1. Quick one: if the Förster radius is 51 Å, what FRET efficiency do B:Glu193 and A:Asp25 give, using the C-beta to C-beta distance and rounding to 0.05?
2. Please state the charge dipole magnitude for chain B, taken about the Cα centre, from unit charges on C-beta atoms (+1 on K and R, -1 on D and E), reported in debye and rounded to the nearest 20.
3. Residue by residue through A:137-145, how many Cβ atoms from other chains fall within 10 Å of the Cβ on average?
4. Top mean-square fluctuation among B:Pro109, B:Pro77, B:Pro213, Gaussian network model of chain B, C-alpha springs under 10 Å?
5. Between copies, how close do the A:Pro78 label points come, placed 7 Å along Cα→Cβ, listed in nm from shortest?
6. Please state the charge dipole magnitude for the range B:91-197, taken about the Cα centre, from unit charges on C-beta atoms (+1 on K and R, -1 on D and E), reported in debye and rounded to the nearest 20.
7. After finding the eigenvalues of the alpha carbon gyration tensor for the range B:111-268, what semi-axes result from the square roots of 5 times each, listed largest first in whole Å?
8. Kindly provide the pair-distance distribution of chain A built from C-alpha pairs, with 5 Å bins from 0 and whole-percent values in order of increasing distance.
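Please treat every number below as a calculation from the coordinates, not as lab data. Keep in mind it's a predicted model, so treat the numbers as computed, not measured. We place every Cβ from the backbone using ideal geometry, glycine too, and count neighbours over all the protein chains shown.
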Number of protein chains: 2
Amino acid sequence: MPPPVTIEDPADPRLAPYARMRERDLVGREGRFVVEGEVTLRLLLSGRARFRAESVLLAPERLDGLAGALEACPEPPPVYLAGKAAMSAVTGFPIHRGVLAIGIRGEDPTPAALVPDAPAPALVVGLAGLTNHDNVGALFRNAAAFGADAVLCDAATCDPLYRKAIRVSAGAALTVPFARLPAGQDWLSFAGERDLVPLALSPAGATDLADLPALPRALLLLGTEGPGLPGSLLARARGLRIPMAPGFDSLNVATAGAIALHHLARMRDRLS
Amino acid sequence: MPPPVTIEDPADPRLAPYARMRERDLVGREGRFVVEGEVTLRLLLSGRARFRAESVLLAPERLDGLAGALEACPEPPPVYLAGKAAMSAVTGFPIHRGVLAIGIRGEDPTPAALVPDAPAPALVVGLAGLTNHDNVGALFRNAAAFGADAVLCDAATCDPLYRKAIRVSAGAALTVPFARLPAGQDWLSFAGERDLVPLALSPAGATDLADLPALPRALLLLGTEGPGLPGSLLARARGLRIPMAPGFDSLNVATAGAIALHHLARMRDRLS
């Protein structure tokens, strides 16, 4: 790897991508994203992520522990070292762990390109209107755990590369392929074009998850916990229900998604 | 209900249980706990919770919407009204929703009392060393969704009546019976005494969840995500594994718990 560069001036232009982190979480970063913490940085450097690091910013005492991962990185990024006080001054909030990196988004794939061609098996997750970063992050973690091929997001769903979503995903947002459904394209026409059976997970779904026949190609659609999936979609997709204790119908959306993905993946015998 | 009392002096002793909320989250409240937000307050007032409200503190504009729930409360608590500025001054942080209450913990039940007597069916969740309030709250939500009889916590597990745990549980921490395992009592001797089959959920578990025979009486043990359950426990309980995609073995503990509870509850045919 290139020799690390110590930078203690928070105004140094090389640190500009790390500046005012929380404000820029809200407005976006023009082709970049932030990774924080050792687990996700290791993933970003490993070559298993779909993205590459533009730079890494470490507190000096973190360098030794990460040197091996930096050495092994196929495309080693520049490494900047700054004390936690300087890191906090740049980012605008207290940095405790001393491990940050900027990733490059690259070109977004098209949704169609992420779905294996029929008749190969395919398991795709569709996120409809999920605006909570914890839920989106958790769903990526569950999609990775159960071997989904891709996650598709509608226009209202928040960015899977938002800082907190990456962290909650335990890095899965960096590895599971995802794409944004184009405006004007609806889920059911997409499912039809790609030969996927659309499944709408909902407490009102007509089919009990356990009664679902094995489906070689499925699109599992998940909506927000309150309003749920739009009625137009529920009416046209196959409604799938997770039975619950009498009087209780409230599971977290990422938890419900995990139960359904576990079942779908098991039917395909993809797990180990 | 008694007529609501307007209190705009943050030093009024009737508001003392609401004071310095975050500091007191850490040190405990001597037999009390805080409920925040409309969903959980409605549950506390409904009679479906295991606890009763000592008092309710509302921003005046929230009274109309909650009047029906207050009227219907079997043991109506005093209702104090204070503007959000006064509420924030008392609690020490910005109160946005304007809905707070103090609950009374009452006597803790013993763990043994919460387990239905053999040979009746029993499904009990055991939390070992879970110190994250989100995970504990989420596990209560999942325990409620899948009809667990009780949740038992070891000494290291955090308080299910911590403010954030109640919120994340969607109120289930107020309804699902729970108790603390006494110091010196270990999980396996407890399971033996109460005639429960101890199941240890772990990525290293020998038995695939799908291969588990129907168990009329089970104690599902869940540990922290990092270190997991202690080796001594894994060696003596039946290890249960959720198969995952090759190369991935990381589910959130509350998510893994939901998948296992769904499976166990389904085998008992308790769901609707």
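1. Between B:Glu193 and A:Asp25 the formula returns 0.50.
2. Details: 27 positive and 28 negative charges, 41 e Å.
Computed charge dipole of chain B: roughly 200 debye.
3. For peptide A:137-145, the averaged partner shielding equals 4.
4. Sorting by GNM fluctuation, first place goes to B:Pro213.
5. 6.4
6. Dipole magnitude for the range B:91-197 comes out near 640 debye.
7. Taking √(5λ) for each Cα gyration eigenvalue gives 20, 19, 16 Å.
8. Histogramming chain A at 5 Å steps yields 1, 6, 13, 16, 16, 14, 10, 9, 7, 5, 3, 1, 0 percent.
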